[in-house]
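S.K.: A single structure is presented below for examination.
The values are calculated or read from the model by the stated rules, or taken from the named source; none is laboratory data. Not measured: the values here are computed from a predicted model. So basically every Cβ, Gly included, is an ideal-geometry build from the backbone, and we count neighbours across all protein chains shown. Please note that ligands, DNA and RNA were not included when accessible areas were found on the heavy atoms of the full protein model with its side chains. Shrake-Rupley method; radii C 1.70, N 1.55, O 1.52, S 1.80 Å.
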Amino acid sequence: MTKVLYLGWVGFRNLGDELSWRLFQRFSKKYGQYEKIAFSLPLVCAEQIAPYDVVVLGGGSLIKPEYMQILQQATQMEKKVLVWGSGIDGIDKRDVDLLLANELPDLTKYFSSQDSFVLKHAMAAAAFAGICGPLSQKLLEALAADHDHIYTVSDPALLLKTKRPRQKRNEEKIIGINWGTTYNRLFGQNEEIVENALAKVAKKLMRQGYHIYIYAVWDNDRAACKRLYDKISCPYRVVWDQKLYSEKQLIRLLSRFSATINLKLHANLLSLAASVPPVLLGYRFKVFDCAASLGLERYVVSTDAVELEEELLQKLELVNRNRQHIVHQYSDYRSFYRPLLMEPFQKELFF
């Protein structure tokens, strides 16, 4: 019987990371014969890998030197390794712009020659190398990883069942806003500027007849959400929901909304699963990467935008105009990626 170790940022009540782990568990139990499936806390040592037969680099921004070293150790110990929905992050905004313009940035500031060597061999040794976005794939190929061996599979969240879009939307107009903190590790390095812009956007939307619904997807986001609620200062038209929801509960909640504006990546994906179009706050590379995997680049607003408030309003108008197109496009991409995400389970590559 097989013992599987799942590497991920699990155990911190962050909805996106916990969701990827739960989906991995669900399909492992459905398709596999195993003795044990466990998750690791961030980073492990060789001694912790030793009891396991298979090591899986799971969903999240985990394609980085320290995790590649873990995969390399696992292969040296003759363990099977797989990459399932992970990607790169930590790329500067100017280099994101280069990638979006089909140009290649200087990668030596992110990966040393030794890092590149380890990454190349760890990816080559993987029985499955499914990564979360085409921008990550482009960077890996530039680092001399095997082109034919790496696939973009988007995010494991695409395995969630989607909410059927309503034919008639006569309910009151609600814009959901997911806010939180990155501890200023975002493009522009200033969350206060973004928060103030969101408050101004919310006030303009209320003058257009909208209600605002503020929600979090991580414990540590609650304080930032409360600040935003206080800045909008209109309790009769603004809800600050302090509850942290499961993915099913959140999809059901979001399905009532007209549109959403989201900081955290998986808030966008759950909005799409609810058939509600999102405006994506591009706070780090991974948001642009995921958006590119779903053809949603035009709906991203970078958090370092000079005219942030105006861009948010323009993008919100755009998603409202293109609601049906976005919903159908997401459905098409989900149909494309789902077999790729399921391939390791159905072919029993995890076991």
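S.K.: Within region 76-98, can one find any residue that is under 21 Å from ASP155 (Cα atoms) and open to solvent by 10 Å² or more (accessible area, probe 1.4 Å)?
M.R.: Yes, some residue in region 76-98 is under 21 Å from ASP155 (Cα atoms) and open to solvent by 10 Å² or more (accessible area, probe 1.4 Å).
S.K.: Of all residues in region 34-93, which are within 27 Å of ASP289 (Cα to Cα), of a type in the set (Val, Ile, Thr) and touching a strand residue (DSSP E or B) at 6+ places or on another chain (Cβ under 9 Å)?
M.R.: Passing the criteria: VAL44, VAL55, VAL56, ILE63, ILE70, VAL81, VAL83, ILE88.
S.K.: Out of region 207-226, which residues are under 16 Å from THR260 (Cβ atoms) and assigned to a helix (DSSP H, G or I)?
M.R.: Selection gives ASP221, CYS225.
S.K.: Quick check on VAL44: is it part of a loop (DSSP other than H, G, I, E, B) and within 27 Å of the chain's Cα centre (by Cα)?
M.R.: For VAL44, the condition - part of a loop (DSSP other than H, G, I, E, B) and within 27 Å of the chain's Cα centre (by Cα) - is met.
S.K.: Here is a check on your reading of the model: is LEU5 outside any strand (DSSP E or B), among the hydrophobic types (A, V, I, L, M, F, W, C), out of contact with any Pro (no Cβ under 6 Å at 6 or more places or on another chain) and crowded, with 21+ Cβ neighbours inside 10 Å?
M.R.: no
S.K.: Do you know which residues across region 31-75 are free of Cβ contacts under 8 Å to residues at least 24 places away in the same chain and open to solvent by less than 60 Å² (accessible area, probe 1.4 Å)?
M.R.: CYS45
S.K.: In region 336-351, how many residues are among the hydroxyl-bearing types (Ser, Thr, Tyr) and either on the phi > 0 side of the Ramachandran plot or open to solvent by 80 Å² or more (accessible area, probe 1.4 Å) (or both)?
M.R.: The total comes to 0.
S.K.: Need the failing condition index for TYR151 against (1) among the hydroxyl-bearing types (Ser, Thr, Tyr); (2) farther than 22 Å from THR75 by Cα; (3) in contact with a helix residue (DSSP H, G or I) (Cβ under 8 Å, 6 or more places away or on another chain), just the number.
M.R.: Just one mismatch for TYR151, condition (2).
S.K.: Report every pair of residues separated by at least 6 positions or lying on different chains whose Cβ atoms are under 8 Å apart, first residue within region 138-152 and open to solvent by 60 Å² or more (accessible area, probe 1.4 Å), second assigned to a strand (DSSP E or B) and among the hydroxyl-bearing types (Ser, Thr, Tyr).
M.R.: Every condition considered, no pair remains.
S.K.: Related question: For TYR229, indicate whether it is part of a helix (DSSP H, G or I) and either open to solvent by 10 Å² or more (accessible area, probe 1.4 Å) or at pLDDT 95 or above (or both).
M.R.: In short, yes.
Listed here are the residues, each with its yes/no results for (1) in a loop (DSSP other than H, G, I, E, B); (2) of a type in the set (Lys, Arg); (3) in contact with a Ser or Thr (Cβ under 6 Å, 6 or more places away or on another chain).
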site	(1), (2), (3)
LEU19	no, no, no
ILE37	no, no, yes
LEU62	yes, no, yes
GLU66	no, no, no
